[in-house]
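Okay, structure first, notes after.
The values are calculated or read from the model by the stated rules, or taken from the named source; none is laboratory data. What you see is a predicted model; the values in this text were computed from it and never measured. Virtual Cβ from ideal backbone geometry, glycine too; neighbours counted across all protein chains shown.
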Amino acid sequence: MTAPSRLSRVFAATAAEGRAALITYVMAGDPDPTESGALARACIAGGADIVELGIPFSDPLADGPVIQRAAERALGAGTRLIDVLGVAGALRAETATPVVLMGYLNPILSLGEERFFAACRDCGVDAVIIPDLLPEAAGRVVACAADSGIGTVFMVAAGTPPGRRRRASEAATAFVYLTAIDGVTGVRSSLSARLAETVGVVRADSDVPVVVGFGISRPEHVAALNGVADGVVVGSAIVSIIGDETDGPRRLDGVRTLVQALRGATAV
């Protein structure tokens, strides 16, 4: 099964069930590459429909303190881009669950776009999110991704100008990532009352699914987006457990338990 068809299969299945796809984020390499792979598996065991793996970077502009610290831990453990791809490849060998990478442009350019996306293809990665890549400057990246059969994801926010929002939607081949909050990633107590309206505006421009992330941390947040968004991303709430719990088995159990609760909130 190819990368686009794996993602398409999941979004079609969750849409048929009348629920949002649950996408869970783990920083690859946190606390080390092997354990981060086990944590991603715990997410899948808890009911995640799609797994998102972060690529650790020293200057993660879109990320709040929780994920910044996760990147620091991963880099401190010696995690390199090749290790992230190794985590993705190990997951692909065990599961058909789609795997999406989220990382910044500089490490990709350092490796080379063609080499990076070819390596993603070889490891079974389904799509890549690059938060600091503007759609106006994405021509070569999108072309290299397409050549390797890798989906592209672009991010928009409520305040994104309509022209840029349309360009992002046109450039995205996997899904559009709508940030639920302005600013960086992080746990929030509540979501914008106008979020459903914003999803509708973005969906009107998009031929691919619309996924909501940033600030989604509680089952009630997930429940509120059922029937509104095609998918929801939970990151900082999971990464907080990983950073706070030093005992490996309890850490795995804590992640799995949270994901189970989030997955339960997608039921209708």
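Observations on the model:
- Residue list for the stretch 91-106, filter: crowded, with 17+ Cβ neighbours inside 10 Å and either outside any strand (DSSP E or B) or out of contact with any Asp or Glu (no Cβ under 8 Å at 6 or more places or on another chain) (or both): Leu91, Arg92, Thr97, Pro98, Gly103, Tyr104, Leu105
- The residues listed here are Ala62, Ala74, Ala48, Ala40; of these, the one that is more than 15 Å from the chain's Cα centre (by Cα), under 26 Å from Val232 (Cα atoms) and aliphatic (A, V, I, L, M) is Ala74.
- Candidate set from the stretch 1-26 (those that are of a type in the set (Ser, Thr, Tyr) and not in a loop (DSSP other than H, G, I, E, B)); member that is surrounded by the most Cβ atoms within 10 Å (Cβ to Cβ): Thr24
- Residue satisfying condition, being in a loop (DSSP other than H, G, I, E, B), at pLDDT below 95 and surrounded by 15 or more Cβ atoms within 10 Å (Cβ to Cβ), within set Val228, Val202: Val228
- For the stretch 235-253, the count of residues that are of a type in the set (Gly, Ala, Ser) and outside any helix (DSSP H, G or I) is nonzero.
- Only listed residue being out of contact with any Cys (no Cβ under 9 Å at 6 or more places or on another chain), at pLDDT 95 or above and part of a loop (DSSP other than H, G, I, E, B), chosen from Gly29, Gly37: Gly29
- Verdict on Glu114 being modelled with pLDDT of 95 or more and outside any helix (DSSP H, G or I): no
- Subset tally (residues that are of a type outside the set (Val, Ile, Thr) and either surrounded by 19 or more Cβ atoms within 10 Å (Cβ to Cβ) or outside any helix (DSSP H, G or I) (or both)) for the stretch 257-268: 5
- Inter-residue pairs, beta-carbon under 8 Å, first more than 20 Å from Val99 (Cα to Cα) and in the stretch 126-143, second part of a strand (DSSP E or B) and of a type outside the set (A, V, I, L, M, F, W, C), 6+ apart: Ala138/Thr152
For (1) of a type in the set (A, V, I, L, M, F, W, C); (2) buried (at least 20 other Cβ atoms within 10 Å of the Cβ); (3) in contact with a Pro (Cβ under 8 Å, 6 or more places away or on another chain); (4) within 19 Å of Pro33 (Cα to Cα), each residue gets a yes or a no:
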| position | (1), (2), (3), (4) |
| --- | --- |
| Gly78 | no, no, no, yes |
| Gly89 | no, no, no, yes |
| Phe116 | yes, yes, no, yes |
| Gly124 | no, yes, no, yes |
| Leu134 | yes, no, no, no |
